[in-house]
Amino acid sequence: MEDTTQRAGKDVTGSGGRGSEDRLTPGMRLRLAVAFVLPPRFTPDSVRYDRRYRKLDQYRFIVWFLAAPLLVYGIFVISPFVQAFFYSMTDWTGYSSSYNFTGFENYERMWNDDKFWDATKNSLLLLVIAPVVTLALGLFFSYMLTAGGRRRSEAVAGVTGSGLYKIVYFFPQVLSLAIIAVIWARIYSPRSGALNAGLDAVGLGSWQREDWLGSSWAIWCVLIVLCWSFVGFYVVLFSAAMSSIPNEIYEAARLDGAGRSLTFFRITFPLTWETVRTGWVYMGIQALDAFALVNVMVPEHGMDVLPSYLFSKAFRDGQAGYAITIGVALFLITLVFATVMMRIGRRDRIEM
């Protein structure tokens with residue numbers, strides 16, 4: 001009994017000794033902080049062989065590895081955003097280095113600006129409809145190219161010539177948006193445009209419009225061009241995602257008697273949801289950034305979206321401070337949209 005008590009006392013004393021050794025004195029804290037900054041070769045031996053330094057050395061490698069890219073990102077990405085918030089509270093014209101701090105006057109002006117709200121309504125309309133239409137067409141075409149052919153010995157088979165169809169669908173991505181806008185502006189031309197001529201040729205002359213891009217139809221014309229120009233990208237993207245699904249899953253569904261529609265909604269769509277969600281965010285950002293299409297296609301004052309209204313205020317009216325305020329609003333809308341989509345669309349990962 002006495003031996004047990006003595007051993008227990010020694011254990012307590014030993015653990016207390018180790019606890020006192022583990023305590024970080026101010027001097028040791030300073031030496032560890034200096035060692036974190038210095039290269040390993042300059043680290044004193046009294047610190048190098050300390051177990052806490054070995055743990056610190058792991059984090060030092062990670063921090064120094066990320067320091068350069070984070071510094072570049074902070075200078076060229078974060079810093080302009082911070083400057084934008086500051087200049088949105090000034091009356092800066094954009095043509096001189098002088099400005100006056102005005103506080104929230106630009107935000108109050110924006111809140112009472114009817115043209116800003118009209119542009120916001122058009123941007124939100126594109127934000128809601130364009131991803132739905134574009135991604136739905138992309139999913140449909142990619143599923144037909146991947147699993148829409150006749151199934152004989154294979155569980156799934158694409159249509160004949162699916163590789164050629166992908167190239168044709170992807171072709172608009174090769175063209176710049178400015179060229180696409182010029183081409184479609186000619187199509188919508190009231191006098192020599194292919195749209196009015198085509199409607200007249202099929203006996204729908206009553207559907208012709210004298211000014212497709214200068215009336216309330218302008219937003220729908222831009223929407224059609226926006227969807228047409230990006231659907232090919234999503235056909236290729238979704239086709240790649242669908243091709244990665246194991247054929248064994250389709251074979252099991254085929255044995256259970258599942259048709260194409262049931263296979264798509266129960267297998268293909270859930271297994272490609274992560275790609276669809278990413279595409280939704282990307283297409284939403286493209287819809288909000290419809291500046292090139294509107295600026296080239298639509299005549300002046302025909303319609304505005306937020307980027308085109310921002311451009312007119314900054315470079316036509318010389319109101320850079322107010323334009324930056326509109327840019328801040330556009331940034332917040334984009335941020336909220338991306339955050340909501342990434343959170344609402346989150347699903348548990350499906351293991352295959």
In this structure, does M303 turn out to be crowded, with 19+ Cβ neighbours inside 10 Å and outside any helix (DSSP H, G or I)?
-> yes
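Tell me whether the range 173-184 contains one or more residues that are closer than 25 Å to P299 by Cβ, touching a Pro at 6+ places or on another chain (Cβ under 8 Å) and in contact (Cβ under 8 Å) with a residue 60 or more places away in the chain. I'd like the intermediate steps shown before the answer.
At the first step, the residues of the range 173-184 found to be closer than 25 Å to P299 by Cβ are 175-184.
Cutting the leftovers down to touching a Pro at 6+ places or on another chain (Cβ under 8 Å) gives us 180.
Checking the rest, the ones that are also in contact (Cβ under 8 Å) with a residue 60 or more places away in the chain come to 180.
Taking every residue of the range 173-184 in turn, at least one turns out to be closer than 25 Å to P299 by Cβ, touching a Pro at 6+ places or on another chain (Cβ under 8 Å) and in contact (Cβ under 8 Å) with a residue 60 or more places away in the chain.
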Restricting attention to the range 77-100, which residues are among the aliphatic types (A, V, I, L, M) and either without any contact (Cβ under 8 Å) to a residue 24 or more places away in the chain or open to solvent by 80 Å² or more (accessible area, probe 1.4 Å) (or both)?
-> V77, I78, V82
Meets criteria (in contact with a Ser or Thr (Cβ under 7 Å, 6 or more places away or on another chain), surrounded by 21 or more Cβ atoms within 10 Å (Cβ to Cβ) and at pLDDT 85 or above) for V231 | yes
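Modelled with pLDDT under 85, within 44 Å of the chain's Cα centre (by Cα) and open to solvent by 60 Å² or more (accessible area, probe 1.4 Å): which single residue out of R60, R48, R23, R54 fits that description?
Details: R60 fails: open to solvent by 60 Å² or more (accessible area, probe 1.4 Å); R48 fails: within 44 Å of the chain's Cα centre (by Cα); R23 fails: within 44 Å of the chain's Cα centre (by Cα).
One residue alone meets the criteria, R54.
So how many residues does the range 180-221 have that are of a type in the set (D, E) and in a loop (DSSP other than H, G, I, E, B)? Talk me through it step by step, then tell me what you get.
First, pick out the residues of the range 180-221 that are of a type in the set (D, E): 200, 210-211.
Right, trim to in a loop (DSSP other than H, G, I, E, B) and you get 210-211.
Total meeting the criteria: 2.
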Per the list (1) open to solvent by 10 Å² or more (accessible area, probe 1.4 Å); (2) in contact (Cβ under 8 Å) with a residue 60 or more places away in the chain; (3) hydrophobic (A, V, I, L, M, F, W, C); (4) over 26 Å from G327 (Cβ atoms), residue check on L255 breaks on (2)
Report whether or not I267 is modelled with pLDDT under 90, of a type in the set (A, V, I, L, M), assigned to a helix (DSSP H, G or I) and closer than 30 Å to S162 by Cα.
-> yes
Consider L310 carefully, then state whether it is of a type outside the set (S, T, N, Q), outside any loop (DSSP other than H, G, I, E, B) and open to solvent by 60 Å² or more (accessible area, probe 1.4 Å).
-> no
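Conditions (1) of a type in the set (D, E, K, R); (2) open to solvent by 10 Å² or more (accessible area, probe 1.4 Å); (3) without any contact (Cβ under 8 Å) to a residue 40 or more places away in the chain, marked per residue:
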residue: P270; (1), (2), (3): no, yes, no
residue: Y282; (1), (2), (3): no, yes, yes
residue: A287; (1), (2), (3): no, no, no
residue: A314; (1), (2), (3): no, yes, no
Pairs where the first residue, in the range 186-207, is closer than 16 Å to M297 by Cβ and among the small types (G, A, S) and the second is part of a helix (DSSP H, G or I) and open to solvent by less than 100 Å² (accessible area, probe 1.4 Å), C-beta under 7 Å, 6+ apart | G193/I187; A194/I187
Within the range 101-136, can you find the residues that are of a type in the set (S, T, Y), open to solvent by less than 50 Å² (accessible area, probe 1.4 Å) and farther than 30 Å from S229 by Cβ?
-> T102
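The values are calculated or read from the model by the stated rules, or taken from the named source; none is laboratory data. Computed from a prediction, not measured in an experiment: that's the story for all the values here. Glycine also receives a Cβ, built like all others from the backbone with ideal geometry; neighbour counts cover every protein chain displayed. Note: areas computed on protein heavy atoms with side chains; ligands, DNA, RNA excluded. Shrake-Rupley method; radii C 1.70, N 1.55, O 1.52, S 1.80 Å.
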